[in-house]
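Enquirer: My questions all concern the structure below.
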Amino acid sequence: MSLTNTASPSLRRDETVSIALLLAFVGGYLDAYTWIIHGVMANAQTANLVLLWVHGSAGNWDDALHFVPPILAFGVGILLVSWLRGVIGQRISAISSLVEILLLVTIGILHNRLPDLAGTLGISFVAAMQTAAFTKVEGVAYSSVMITGNMRQAIEGVLMALSGGGPPGPLRRSGIFAGLCVAFGVGAAVGAFATKGIPDLTLGIPVTALLIILLRCEIERSEVPA
């Protein structure tokens with residue numbers, strides 16, 4: 001079963017499988033980067049919240065408060081995308097990708113001077129913009145910054161295909177969501193390797209992936225029939 005885009009030609013460019021896989025790769029990559037460098041998660045605010053209260057319940061408030069900035073930055077990023085969506089409509093995916101690229105470049109430049117501000121706040125903000133701007137793959141809700149829901153969709157799709165004996169849609173959908181989980185894992189592995197092996201160029205990899213996404217959202221827009 002191929003994961004290439006076989007859906008309707010009218011499918012929005014930012015909902016294609018190829019873009020979703022790239023975004024999942026970026027999501028895993030940034031989580032690995034922020035965990036290794038800062039000891040927080042860029043994407044998984046559930047983990048940050050749990051660790052906040054684990055440390056807080058033990059009275060270790062200095063450690064607990066370490067997890068507050070990424071949670072707040074994530075919230076601000078969601079608010080910004082929600083506002084932008086009302087202003088610019090369907091171009092939100094391209095504009096969000098452009099802002100993410102600029103932020104990651106800025107973070108890379110500022111990281112040596114303001115590591116906590118640039119890394120903890122900036123990358124969580126980037127992650128929030130990504131998850132709020134890109135919400136569907138082939139018309140189905142998914143997440144590019146965590147795998148819990150994607151794993152559920154993959155398992156349910158297999159069960160539906162095996163028990164229903166109907167059209168191949170559920171099985172294809174299951175393959176897409178399984179692929180997203182794999183892409184996230186690969187991104188985390190590459191992010192961990194790059195963070196340790198090429199620290200000065202680490203953020204160049206997600207910037208490149210986001211640049212590809214931006215180009216596909218904007219340049220290939222002209223190929224879609226009016």
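Enquirer: As a test of the formula, what do you get for the chain when each DSSP H run with n ≥ 4 contributes -39,500 (n - 2.57) and the sum is divided by the residue count, at 222 nm and rounded to the nearest 500 deg cm²/dmol?
Expert: Mean residue ellipticity, 222 nm, calculated: -22500 deg cm²/dmol.
Enquirer: In angstroms, what radius of gyration and Dmax does the range 124-194 have, counting Cα atoms only?
Expert: Every Cα atom of the range 124-194 included, Rg and Dmax give 13.8, 44 Å.
Enquirer: Then there is this: How far is it, in nm, from the label point at Val87 to the one at Lys136 when both lie 7 Å from their Cα along the line to the Cβ?
Expert: Label at Val87, label at Lys136, 2.4 nm between them.
Enquirer: Between 0 and 90 degrees, rounded to the nearest ten: what's the tilt of helix 169-197 against the longest Cα principal axis of the chain?
Expert: Rounded to the nearest ten degrees, it is 30.
Enquirer: On to the next question. Starting from the Cα of Leu159, step 7 Å along the direction of its Cβ; do the same at Ala189; then give the gap between the two resulting points in nm.
Expert: Here the modelled spin labels are 2.8 nm apart.
Enquirer: For the chain, take the longest principal axis of its alpha carbons; what is the angle in degrees between that and the long axis of helix 45-57, to the nearest 10 within 0 to 90?
Expert: Around 30 degrees separate the two axes.
Enquirer: While we're here: Please give the helix 204-218 orientation as an angle from the longest Cα principal axis of the chain, in degrees from 0 to 90, rounded to the nearest 10.
Expert: 40 degrees
Enquirer: Among Ile205, Ile71, Ile213, Ile123, which comes first, second and so on when ranked by fewest other beta-carbon atoms within 10 Å?
Expert: Least crowded to most crowded, the residues run Ile71, Ile205, Ile213, Ile123.
Enquirer: Just subtract the alpha-carbon distance of Asp63 and Val105 from 0.36 nm times their residue separation and send over the number in nm, one decimal.
Expert: 12.3 nm
Enquirer: Could you list the residues of the range 62-92 with an amide nitrogen less than 16 Å from a label point located 7 Å from the Cα of Arg12 in the Cα-to-C-beta direction?
Expert: Only 81-92 pass the distance filter.
Enquirer: Please turn the phi angles of the range 12-26 into ³J(HN,Hα) values with the Karplus equation 6.51 cos²θ - 1.76 cosθ + 1.60 (θ = phi - 60°), one per residue in order, whole Hz, x for glycine and proline.
Expert: Each residue of the range 12-26 in turn: 4, 4, 6, 10, 6, 5, 4, 5, 4, 5, 5, 5, 5, 4, 4 Hz.
Enquirer: Using C-alpha positions alone, give me the convex hull volume of the chain per residue in cubic angstrom.
Expert: 133 Å³
Enquirer: Tell me which residues come under 5 Å, amide H to amide H, from Lys136 once H is placed; ignore anything under 5 positions away on its chain.
Expert: Sorted by chain and number, the residues that satisfy this are Tyr142.
Read the figures in this text as sums done on the coordinates, not as results from a lab. Treat the numbers as computed from the prediction; the structure is a model and nothing was measured. Every residue, glycine as well, gets a Cβ built from its backbone with ideal geometry; the counts of neighbours run over all protein chains shown.
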